[in-house]
Structures are given as structure tokens and as C-alpha cells.
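J.: Pasting a structure here, questions to come.
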């Protein structure tokens, strides 16, 4: 099936993926065909069916070939400097490659340094254990990624020498003709705390041609590592972001083990949940099933949404809670304390404040969007104040009711907002550090959390590092500079590459949609346009005005959500003018799906060939391997 899929589509996964999705779609249609019509408040049977269909199909794609459930985890570390281990090759003595992979060791035993990595570890070969000849030096490498040294050697004994007490190695292997040859421990340090058998106890978990599927890539050298430290009660290495998202990842690792599938699955789940959440937002704003369905298709077929959900980073958690806090604020914004009880409004604001606190505790980018929440909150109060001033000059019953309600309702709202948007988020933020050993043996305290955040702020404001795939905010708007994460070749000779950027339809059609939305906000004072404009600008402007450090295309992720809303807003107005615009809307959705499908090999890492990868490099700044 994979070979046929490759020959027909240049994507080994497309036909199997299509068949699974088609089976799912048929099952859902049959199920809903035999269900009686029902209504769930403002949701119709058609709404529920479309949510399940879009979310389900997206979920199948996002989980497909996500990561391996097999990964070496038992890690060796030296007990002394210049510790030596001798391996014996009992069956075959010739080999053509050395494989090594490392995780993290026991940091709690050290006061300053971290037990991790290769530091000029020597590999030598011998025929008699007396005379040793140089083979290789294993140095640097990246955590959870394979280091492979190729050559041509023939020795019955191989010696590994660790010259640094901070060395770690999770598994060591010797390859011959695309298979790993048997190894035995001939000599080890006496009474070693970490026996050398840890280096060869998971030989079956080694992969001859590792791709993204079997190892970490890009920022997975940071976040899964921190999650492993939390899960194992270790003193932590790098904490340049808040840790709630990492704690979610750590919980999965604690429950199911340290595997690529496990450290990626939380992000996929949150990306999966974003689809129905966006549907709920669009339903609250536009009401129409067709518009909500269209918007969710655009989200589900966005490249960045898929790629960023499938890598073990913090963005899926952060963007989910940004959307969630805007959902509750939109619920509040579209109500008035003249029409519904103030208590009901306070529940909406409470939910918004909790969501905001969680979002900030995941990543500081939620702070930018929190400014948008404040603007919408005071916009609502400003509208109520205008209504109050207008009512003071009238004597009818409705006006008298407004005059009597406004003072107490306004004071109550502002007073509770100090609790909902300051006190509660601070408590959530401080409490999110409780499971973590950021400060070694000192433990959690309010002062330590404050010091850690001052360190984070200093790091981000003074960072001068550059990156070959960094980009600028205006390049995000034009989809001009993706960030390239990974490339590898599997045992069958197929290439696997991953790049992060938006579906070009979203950006190229989204930019004029945003301009139109801004125009309607200013000219017609449209309330929905105002929501979209505030959300868009609060997510984007900090990257334009305040952030001076190296930035990447995935920082556009929160802004892309409001770009989708702008596209839906444009079609809402077009359909008001003429229902015949429904055909272009359907064609736009179909084009988005088409682009999503043909770009899967460079957004999800599905196997293809380099010629197909290069054929997708449409712009000068697009590089995929």
C-alpha cells in the first residue's frame, strides 16, 4: 500500500490515510442519517455532525505516524573520570557504523553541572586488549537524537573511554549491513553505580535509519528533556519559558514512559481540541453553520497548526488557552448586565480569567493577547456607560431600569475583575511551579519563582543569537520564510522532512481579509470586526514593536487564528450581498484541503523523495531540505 501510494502520489502515507478517513466519514454520515434530529441549545444536528467530521478527520491526520512507542531510555553515566568499558563482539567482528544516543542522567547528585551528553568519548579497537587503535571520537550530538559515525572496521574488542564525569549514554550499537551486531560486556569498572550493561540492554530499540519518528528534532532537545526532569524529580536544566505546558508533557511521560509518541501526544490532543473550540467561537460570532464549518476547515488544513501540534513544544497549549480565553470574553462582550444577571456575566469573566492564567503559565505570549481581553472588557463597559448616559435623559421604564442598574453593576464588574484577571492568574502562575525542581534543593517559594521569572525576562530581552531560518513579522504575513526543522532518510531510501509555515491560502487570502475587517471595524463599527481586530493586533503587534530577539514563523500561530476569523468575516459579508458567493467559499475550502494534502510530506514528515520536496519550494525563501 505504501509503495502504491508513493508511485501514485509521491507520498507513502496518502492512500492509507485517505482510506481510513473515508471509512470514518462514511461511518459518521451513516450514524447521523439514522439519528433523529436534535438540537443542543444553539447547535443543530448539522453543527454536531460537521464538528465531528472535521475534528475527526483532522485528528486522524495529526495522529498518523506521530512517533514511535519504542525508544531507549536506560541511561549509563560514569562513576569516575577516565572510566573505560570494553565490549566483546562474540559473533561478528566487522562493522561499518557506530551508533550512540543519549538522554539525561542523575542531576540530583550534582550541585552545579548537569549529567548529560557526549564529551569527547573515545572509541578504540583491539585484537588482544593490549594494543588499541583509534576508531572514533563521540562528541557533541543532541539529546534524544542519534549520533552515527560511519566507516569500516574489524576488531573483536571495542573500548569506550569516558573522560568527563558529566558524560551520559543511553545506548551504544555497532552496525553491519543494516543490522546491529551482538555485543557483550568484557570489562567494566568495579562496583560501578551505573553498570555498562545499561549501554547494550535495549539493542532491539535501536533503529538503523532513524527519522523524526524514532528520535527528537528541533526544540524537542529542550521541552521533552525538561518534562523528563519533572517526571523523574530531577533538578532542571533550562527554564526559559513558564512550565505548565511542560508539566502536562511530564504527566504523560510519568504515566506512559519516555517515548516520541508520548511527549508529542499532549500537543496533538490540544491541537485536536482547537478545531471544535474555533467552531464554538465562530458560532458565537456568526451563528451560521456554513461559515463555522468553512472556518474550521481552514484551521484543520493549516500547515502550521498540524506541524506545531505534532512536535513536542509549548505552542499548542498556549494557543488553545488563548482561543479559550477569547471565547469566554466574546461570550461576555456579546451580553449586557441590563439584559442578563450580573452573576452570569461574572461566571464568564471568571472562566476567562482562569483560561488567561493557564495560558500565561504555559507561555508568555498569552500576555500579549491578555491586552486584547482588557480592551474588549472596557469596550463593553464603555458601551454600557453610553447607554446609561442616554437613559438618564428619558423617563420610560427601560431607561429607569438602566439608570438604576449601571452604578452597582459597573463597580461590581470592575471589582471582581481585579480578582479574576490579577489575583487568580497570579495564583495559577505561582502554583504551576510546584511540581518542578528549578532551584535544586532549595525548593519552591514565591521568591524563587520571582527570581526565575526575572532570569527568563533577562534571557529573552538580551538574547543575541541568530538562526539561518529566523524570520520577521512581515514575512509571516506573506508566508515568505518557513522554519525548517528536520530531514532524514529511512531504510527504504525515502526522505522525511518537516518545515513550519502557514497554508499559503490562509496568509495570501487572509491578508486582504484582515484589511477588509479593519475597514469595516472603522467605517461601520462592526462589533465582530472589532473583536477580530483586537485579537489580531494584540497577538501581532508585540512582535512588531517590542520583541527584538530572533523570532520564527511559528510565532505567527496565535495571529493566524484571528486571520481565519477575518476570512470568515469577509465571506459573511459577501454572502449577505449575494448567496452566490457560497460557491467561491466552497472552492476556497477545497483549495485549502488540496494544498494541505500535497504539502503533507513537508509539514508532517511523511515519506517521499527529494525531487518532490524541492518541487514544493515555490518561493525563494522556502527551503525544505
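J.: Quick check, is residue 152 part of a helix (DSSP H, G or I) and either in contact (Cβ under 8 Å) with a residue 24 or more places away in the chain or surrounded by fewer than 16 Cβ atoms within 10 Å (Cβ to Cβ) (or both)?
T.: Judged against the criteria, residue 152 is not a match.
J.: Right, something else. Which residues, taken from region 170-191, are closer than 17 Å to residue 90 by Cβ and in a loop (DSSP other than H, G, I, E, B)?
T.: 176, 179, 181, 182, 183, 188
J.: Under 7 Å by Cβ, and 6 or more places apart or on different chains, what pairs join a residue from region 537-555 that is without any contact (Cβ under 8 Å) to a residue 60 or more places away in the chain with one that is surrounded by fewer than 19 Cβ atoms within 10 Å (Cβ to Cβ) and in a loop (DSSP other than H, G, I, E, B)?
T.: none
J.: Continuing with the same structure: Answer yes or no as to whether residue 449 is buried (at least 19 other Cβ atoms within 10 Å of the Cβ) and closer than 30 Å to residue 227 by Cα.
T.: For residue 449, the condition - buried (at least 19 other Cβ atoms within 10 Å of the Cβ) and closer than 30 Å to residue 227 by Cα - is met.
J.: Test each condition in (1) more than 23 Å from residue 68 (Cβ to Cβ); (2) surrounded by 17 or more Cβ atoms within 10 Å (Cβ to Cβ); (3) in contact (Cβ under 8 Å) with a residue 40 or more places away in the chain for residue 135 and report the one that comes out false.
T.: Unmet for residue 135, out of (1) more than 23 Å from residue 68 (Cβ to Cβ); (2) surrounded by 17 or more Cβ atoms within 10 Å (Cβ to Cβ); (3) in contact (Cβ under 8 Å) with a residue 40 or more places away in the chain: (3).
J.: Under 6 Å between Cβ atoms, at least 6 apart or on separate chains: pull out the pairs that start in region 201-220 with a residue that is under 17 Å from residue 170 (Cα atoms) and end on any residue that is at pLDDT below 95 and in a loop (DSSP other than H, G, I, E, B).
T.: Taking only residues 6 or more apart or on different chains, the pairs are 208/178; 208/491.
J.: Restricting to region 610-620, and then to whatever is touching a residue at least 24 places away in the same chain (Cβ under 8 Å) and crowded, with 16+ Cβ neighbours inside 10 Å, can you tell me which residue is nearest to residue 68 (Cα to Cα)?
T.: By that ranking, first place goes to 613.
J.: Answer yes or no as to whether residue 164 is in a loop (DSSP other than H, G, I, E, B), over 28 Å from residue 490 (Cα atoms) and either at pLDDT below 95 or under 34 Å from the mean Cα position of the chain (by Cα) (or both).
T.: The answer is yes for residue 164.
J.: Select from region 569-590 the residues that are within 16 Å of residue 506 (Cα to Cα) and out of contact with any helix residue (DSSP H, G or I) (no Cβ under 6 Å at 6 or more places or on another chain) and write down the one among them that is surrounded by the most Cβ atoms within 10 Å (Cβ to Cβ).
T.: 588
J.: Give me the pairs: first residue in region 336-359 and on the phi > 0 side of the Ramachandran plot and in contact (Cβ under 8 Å) with a residue 12 or more places away in the chain, second residue loosely packed, with under 15 Cβ neighbours inside 10 Å and assigned to a helix (DSSP H, G or I), beta-carbon distance under 6 Å, and six or more apart or on different chains, which are they?
T.: Listed pairs, sorted by first residue: none to list.
J.: List the helices (runs of 4 or more DSSP H) that sit entirely inside region 1-108 and contain at least 2 residues that are in contact (Cβ under 8 Å) with a residue 24 or more places away in the chain and touching a helix residue (DSSP H, G or I) at 6+ places or on another chain (Cβ under 7 Å).
T.: Per the criteria, 14-33, 45-63.
J.: Exactly one condition in (1) crowded, with 21+ Cβ neighbours inside 10 Å; (2) within 30 Å of residue 14 (Cβ to Cβ) is false for residue 77; which is it?
T.: Of everything listed in (1) crowded, with 21+ Cβ neighbours inside 10 Å; (2) within 30 Å of residue 14 (Cβ to Cβ), residue 77 misses just condition (2).
J.: Residues of region 387-400 being modelled with pLDDT of 90 or more and either under 19 Å from residue 345 (Cα atoms) or not in a helix (DSSP H, G or I) (or both), which ones?
T.: 387, 388
J.: Taking residue 605, is it at pLDDT below 95 and closer than 18 Å to residue 489 by Cβ?
T.: No.
J.: Determine which member of the set 224, 242, 210, 266 is within 27 Å of residue 434 (Cβ to Cβ) and part of a loop (DSSP other than H, G, I, E, B).
T.: The match here is 242.
J.: So residue 185 passes all but one of these: (1) within 30 Å of residue 129 (Cβ to Cβ); (2) surrounded by fewer than 17 Cβ atoms within 10 Å (Cβ to Cβ); (3) out of contact with any helix residue (DSSP H, G or I) (no Cβ under 6 Å at 6 or more places or on another chain). Which condition number does it fail?
T.: It fails just one condition, (3).
J.: Can you name every residue in region 109-127 that is touching a residue at least 60 places away in the same chain (Cβ under 8 Å) and assigned to a strand (DSSP E or B)?
T.: Matches in region 109-127: 116 only.
J.: While we're looking at this one, here's another question. Given the structure, is residue 378 more than 27 Å from residue 242 (Cβ to Cβ), out of contact with any strand residue (DSSP E or B) (no Cβ under 8 Å at 6 or more places or on another chain) and surrounded by 13 or more Cβ atoms within 10 Å (Cβ to Cβ)?
T.: Considered against the rule, which asks whether it is more than 27 Å from residue 242 (Cβ to Cβ), out of contact with any strand residue (DSSP E or B) (no Cβ under 8 Å at 6 or more places or on another chain) and surrounded by 13 or more Cβ atoms within 10 Å (Cβ to Cβ), residue 378 comes out as no.
J.: Which ones in region 435-464 are closer than 26 Å to residue 547 by Cα, modelled with pLDDT under 90 and touching a helix residue (DSSP H, G or I) at 6+ places or on another chain (Cβ under 7 Å)?
T.: 438
The values are calculated or read from the model by the stated rules, or taken from the named source; none is laboratory data. The model shown is predicted, which means the values in this text are computed figures rather than measured ones. As a convention, Cβ positions derive from the backbone with ideal geometry for all residues, glycine included, and neighbour counts pool all protein chains shown.
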